[in-house]
Amino acid sequence: MGNMQDGHAFSFRAAKQTERDQGGRKNLAATANDRERASLHTFVHVYSQPFEPLVKFQRKLHLARRTKEEAQATRDRLIDAAELLFQSQGVSQTSLQQIAERAGATRGAVYWHFKDKADLFNAMMERVTLPFEEAARAAGRDDQVGDRLAAFERVIVGMLRRTATDEQVHRVFDIAMHMVEYTGEMASLRHRHLAARESCIADFTRALTLAARHADVRLPIPARAAAQGLHALLSGFVQNWLLEPSAFDLVRAGRRSLRVYLAGLGFGDNGKLPQPRAGSAATRPSTLSRCISTDRIRPSEG
């Protein structure tokens, strides 16, 4: 009897030991699995960290780019709306609220992009460089080659042609000349107009001086006075043409008058360029050789 009990006790202890051994192996396996999962998690966590900020940065960059493009599109719509309303009803009669509604935007959007109506007007002018300003800058450059007078004529005629054929330039020029009053909040625009005129005259002065030097011609009046007269001639042509574009051909009439004016300055006489003095290098014929004849103005003593 005692032996049987001892045998049962041994079997029980053996079963318990086996259970403990199996449990230990399970625990070891679980621990190993846990370590493996932990290592894998650590690997993914560590090696994925550098890429997550990059993805977030790319998303932010894309959002910023899209936001910037949308803001530029809104700004352009506001200027487009301002152009149309300024031309149809005048600058002083157009409110920022009307511009916002025409552009499909809010009044707040207008003030986000522009300080006031004068600022919006200046943005409209800057978006489309006025032909006079563009032509003046090109004419006054000192990098022209060949016949400077012919190059000067091409620049001026190109300005007239662009005014006559470019719808947006035509519209903005019309607004600047006929649709703005220099009063109230728009008084500051007068300073811009005067500055643009002065810049144009300065460039014309340089262009005429260089052309005269190249052709070995002595201007009958100071170069600045000649530039002022040329500016008045061209601006008068454009202003009157804008009142009634069908009244005359701006390019053709402008070219003829330009040649007469330049001939009066000494660049042409009786349909021919004046003969250069002895030793002069100016021997190339000019496109102004076909200019309309006019009486020479006697050179001034000043």
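The values are calculated or read from the model by the stated rules, or taken from the named source; none is laboratory data. Please read all numbers here as calculations on a predicted model, not as lab measurements. Please note: Cβ atoms are built from the backbone with ideal geometry, for glycine as well, and neighbour counts cover all protein chains shown.
Brief remarks on what is shown
- Taken over segment 85-111, the criterion of being touching a residue at least 24 places away in the same chain (Cβ under 8 Å) and either in a helix (DSSP H, G or I) or over 17 Å from GLN168 (Cα atoms) (or both) is satisfied by PHE86, GLN87, SER92, LEU96, ALA103, GLY104, ALA105, ALA109, VAL110.
- Any hit, segment 219-231, residues being modelled with pLDDT of 90 or more, in a helix (DSSP H, G or I) and under 15 Å from LEU160 (Cα atoms): yes
- Every listed requirement among (1) farther than 23 Å from VAL260 by Cα; (2) modelled with pLDDT under 85 is met by ASP147 save one, (1).
- Top-ranked residue of segment 110-138 - restricted to ones that are of a type in the set (Gly, Ala, Ser) and assigned by TED's automatic domain parsing to the domain that holds ILE156, ranked as modelled with the highest pLDDT: ALA138
- When the test is whether a residue is outside the structural domain of GLN93 (by TED's automatic domain parsing) and modelled with pLDDT of 90 or more, LEU189 does not pass it.
- Condition check for LEU208: touching a Phe, Trp or Tyr at 6+ places or on another chain (Cβ under 8 Å), at pLDDT below 95, not in a loop (DSSP other than H, G, I, E, B) and not β-branched (Val, Ile, Thr): yes
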